[in-house]
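The values are calculated or read from the model by the stated rules, or taken from the named source; none is laboratory data. Fair warning: this is a prediction, and the values are worked out from it, not measured in the lab. We place every Cβ from the backbone using ideal geometry, glycine too, and count neighbours over all the protein chains shown.
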Amino acid sequence: MKAVALKKLKEELAHKSANELMELCLHLSKFKKENKEFLTYLMFESHDEEAYIESVKAQMDLLFVDINTKNFFFIRKSARKILTLTKKYIRYSKKKETEAELLLHYCYKLKNFSPSITNSSRLLNVYQTQLKMIKKAVGTLHEDLQYDYQIEIENLEIHL
């Protein structure tokens, strides 16, 4: 089955009643876990972005604590898993401030991780790539916010 264009879907949805739209959303949420998580964000968390950011940061903190530090393979694997989860939450929000906040938190956690990521070139590459992503997201923000975030970015770049 080939998916139709978004424009066609939008036209069809315009002809549906409120009850039919509700049934479609519920059916969509049962189909895939990510759809259910996204609907949860839209309905319950999107109105308070700060609380959403803090809850994601708390989840990241827990995941960083649980990392197996026996060797760098496990550390890399866990760090990538945390980053993938973080990117998913950023995708739900679509706000550049949220992206900058969450990626900054990720980089702080990675930088302060023990054993140091300086012993692994792959982890350093992940870290540097995320710094670039932060700079890109911050570049689209208001000048005052850019200045505040730039200070934090400079703190991350120094002392690594």
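May I ask you to say which residue of Y92, Y106 is closer than 16 Å to K57 by Cβ and touching an Asp or Glu at 6+ places or on another chain (Cβ under 9 Å)? On inspection, the qualifying residue turns out to be Y92.
Taking L145 as the residue in question, decide whether it is modelled with pLDDT under 90, surrounded by 13 or more Cβ atoms within 10 Å (Cβ to Cβ) and not acidic (D, E). Yes: the conditions hold for L145.
Among the residues of segment 58-84, what is the count of those that are in a helix (DSSP H, G or I) and more than 19 Å from N125 (Cα to Cα)? Explain how you work it out, then say what you get.
Filtering segment 58-84 for residues in a helix (DSSP H, G or I) gives 58-65, 72-84.
Going one step further and asking which of them are more than 19 Å from N125 (Cα to Cα), we end up with 58-63, 65.
The number of residues fulfilling the criteria is 7.
On the given criteria, is L104 surrounded by 14 or more Cβ atoms within 10 Å (Cβ to Cβ) and at pLDDT below 90?
Values: surrounded by 14 or more Cβ atoms within 10 Å (Cβ to Cβ): yes; at pLDDT below 90: no.
No, not satisfied.
Take the conditions without any contact (Cβ under 8 Å) to a residue 40 or more places away in the chain and not acidic (D, E) and apply them to T40. Does it pass? Judged against the criteria, T40 is a match. Within segment 42-62, which residues are exposed (fewer than 14 other Cβ atoms within 10 Å of the Cβ) and either in contact with a Phe, Trp or Tyr (Cβ under 6 Å, 6 or more places away or on another chain) or of a type in the set (G, A, S) (or both)? Answer for segment 42-62, where residues must be exposed (fewer than 14 other Cβ atoms within 10 Å of the Cβ) and either in contact with a Phe, Trp or Tyr (Cβ under 6 Å, 6 or more places away or on another chain) or of a type in the set (G, A, S) (or both): A51, S55, A58. Selection over segment 1-53 of residues that are more than 26 Å from Y89 (Cα to Cα), among the polar types (S, T, N, Q) and in a helix (DSSP H, G or I) gives a count of 1. Within segment 111-160, being closer than 26 Å to I75 by Cα and outside any helix (DSSP H, G or I) holds for N112, F113, S114, P115, S116, S120, I158, H159, L160. Residues of segment 117-142 that are under 17 Å from N71 (Cα atoms) and loosely packed, with under 12 Cβ neighbours inside 10 Å: T118, N119, S121.
Being without any contact (Cβ under 8 Å) to a residue 60 or more places away in the chain, among the aromatic types (F, W, Y) and over 30 Å from N119 (Cα atoms) narrows it down to one residue among F31, F72; which is it? Steps first, answer last, please.
On the way: F72 fails: over 30 Å from N119 (Cα atoms).
Every option except F31 fails the conditions.
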